[in-house]
Structures are given as structure tokens and as C-alpha cells.
1. At a probe size of 1.4 Å, how large is the accessible area of Phe6, to the nearest 10 Å²?
2. Count the net charge of all other residues whose Cβ sits under 12 Å from the Cβ of Gly48, scoring Lys and Arg as +1 and Asp and Glu as -1.
Amino acid sequence: MNKAQFIAALAPHFNDSKKEAARAVDIVFDTITRTMSKGEDVMINDFGKFKKVDRKARMGRNPFTGETIKIKASKKARFLPAKGLKDVISGERKLGPAPKPEPKPVVKAVVKKAAPKKAAKKVVKKVAKKAAPKKAAKKVVKKVAPKKAAKKVVKKAKKK
């Protein structure tokens, strides 16, 4: 599993928002990285321990030529799995069911009725500016405003 797949697997727990899931993953990885760079260990119960390890300088061998070379001292990251993780991987312990994402909250849409006269007047102004025929004005007004308001607006358009 790579990072993108990991984010996709977490997205249902963040209301199907990959953006929020990616942000959470980035925060966790960044926190682990920053803590380890300070030289501190990161211990996560039943998962494992991330730690920074200092490796000493040593002598090694070049595999192509066979000559001995000096390898510099370095610092590496190491992960030590916890007993709980080892037990699950070996099959000694079974995992419980995966946590299910929380159900999405039901949001009822609040429908506000637009004032038919105002909506109709706006449509008539737009139609009048384009100098459209009266039939086209009727069609446009009927789509936007209710029948009674549309009739009033069309009558006003005829007078102009």
C-alpha cells in the first residue's frame, strides 16, 4: 500500500474527503519525522517503535574489486514492531473487525421561495436588453417565475 492508497482507505472516516485524510496522514508522518530528527523515540502501543540509530564507522568490502573500504558513521531510522503487531502478523492473534466510518450527518435542505415578482422583473430586464421577441420572453419568464407572475411580466413587456 502506498501513500495514495492509504489516504483513499482513510477517506471514508473523514466524510469521503481525501483532502482531510491526506492532511491527517501528512501531520502524523511529519510529527514522527520531526520527533525522530530530535533523537527521541516514537512508541505507538501495539504497533511499534520508531527510533533513530547511530551507526559507527566500520570497514567494508567493495563487491566489484574485493578491496576493503572505510564506511563513514551514519544515522539511520529503525522500526521495531511491537509484540501485538508481531502476534497479528504471525497469526497467533486475530484482529477484530475494522472500524467503520461514522455515518454521514443528514442535512435537510432549506428551500427558500424566491419572490416571483423580483425574479420575473430580472428576467424581463435581461430579455429586454437583448431585444428578444415576445414569444422568447414568455418562454424565459415561464421557466423562472410562476405562472401568475409570468403573465404580469409578459403584459408589462408588451406595453414597452
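The values are calculated or read from the model by the stated rules, or taken from the named source; none is laboratory data. Bear in mind that the values here come from a model prediction, so they are computed numbers and not experimental data. Virtual Cβ from ideal backbone geometry, glycine too; neighbours counted across all protein chains shown. Heavy atoms of the whole protein, side chains included, go into the accessibility calculation; ligands, DNA and RNA do not. Shrake-Rupley method; radii C 1.70, N 1.55, O 1.52, S 1.80 Å.
1. It works out to around 80 Å².
2. On the way: positive: Lys49, Lys51, Arg78, Lys83, Lys86; negative: Asp41, Asp46.
Here the charged neighbours net out to +3.
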